[in-house]
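**Student:** Got a structure for you, questions after.
What follows is calculated from the coordinates using simple rules that are stated; it is not laboratory data. In this text, all values refer to a predicted model and were calculated from it rather than measured experimentally. Positions of Cβ are backbone-derived with ideal geometry, glycine not excepted, and every protein chain shown enters the neighbour counts.
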Amino acid sequence: MPVVAPQCASMKGDAIRRNPKTQTKTKKSRWRKVPRTIGLIQWVKSGTYFANIRRGKTLYRESLKTTDLTFAKRKLEAFRHQIDRTDPRYGRMTLVQWLEDAYLPTLKGAESTITNKRCIIQRVRETWLAARTQPLREVKPSEVERWLNKEFGGWSEAYWNAALTVIRDALAMAVRDKVIYESPAAGLSHRKRKRPIRLTPTWEEFQSIIADIRSQEFNGHGAEDNWILCEGKQQPKGLGDSVSAKLETVFPSSMFKLEVKEAL
């Protein structure tokens, strides 16, 4: 029978050292904790800082997109403040998703008004890339104003104001629902509409207008009883005051005065 040589103690020690289960891990960690700053870690390979905050059983880890320590600390405080004041379930909600899923079903009013707002939301989806890709809480006020000027800057003030109303109302609702803690469109205001230029007829043109009115036989009233054109007379009180005030916006009082009598 073959004789089996007994193992020596040195051979057993070599086997133990070669066993991977007993070897001590010497691999360096890819993360580095920033000393004296709770919740701030750094990715060693790129040097980028990350927020690492735990609330209850949930761990929030997000890139602060900076390699500067001082700036990373400020962004960490803003991120912590945002977590405490917003609902974390909407962390990845985009502006387009919020407009279509939350804001659009709440619209009420005339069909034409709702149709116009639907068109604005569709325009946001088609022309605003950041509104489709980045989270709603990362939208900046300058991005909102830049998009409005790009898409509606060349149009009238009415179109620009209508688009701003949709964006501002939707973001205000997101603040109320704790999706974001501050609206990026809160500081934007409506544009003032230009005062329309109205053409004022000459004295001869106005006399022609009055003559045409008096010549109408089927206008539903007695022309001579209701319209009397005079110069230098005091306007009567009552019904004539309201009608004359409306006409005064079109025809200045320096040219003539219009006296209106009540129909008998």
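**Student:** Across the range 95-176, what fraction of all alpha-carbon pairs, as a whole percent, falls in each successive 10 Å bin from zero upward?
**Tutor:** 17, 57, 25, 1
**Student:** Next up: Past the 31 Å Cα-Cα mark, which pairs from Lys45/Lys150; Lys45/Lys140; Lys65/Lys178; Lys65/Lys192?
**Tutor:** Long pairs (Cα-Cα over 31 Å): Lys45/Lys150; Lys65/Lys192.
**Student:** Which values of log₁₀ I(q)/I(0), to two decimal places, follow from the Debye formula for the range 146-213 at q = 0.14, 0.25, 0.26 Å⁻¹ with a uniform point scatterer at every Cα?
**Tutor:** These q points yield log10 I(q)/I(0) values of -0.58, -1.06, -1.10.
**Student:** In addition: For labels at Asp87 and Lys65 in the simple 7 Å Cα→Cβ model, what's the distance in nm?
**Tutor:** Reported label-point gap for Asp87 and Lys65 is 2.5 nm.
**Student:** Go ahead and run the numbers for FRET between Gln97 and Ile197, Cβ-Cβ distance against an R0 of 51 Å, rounding to 0.05.
**Tutor:** Computed FRET efficiency for Gln97 and Ile197: 0.70.
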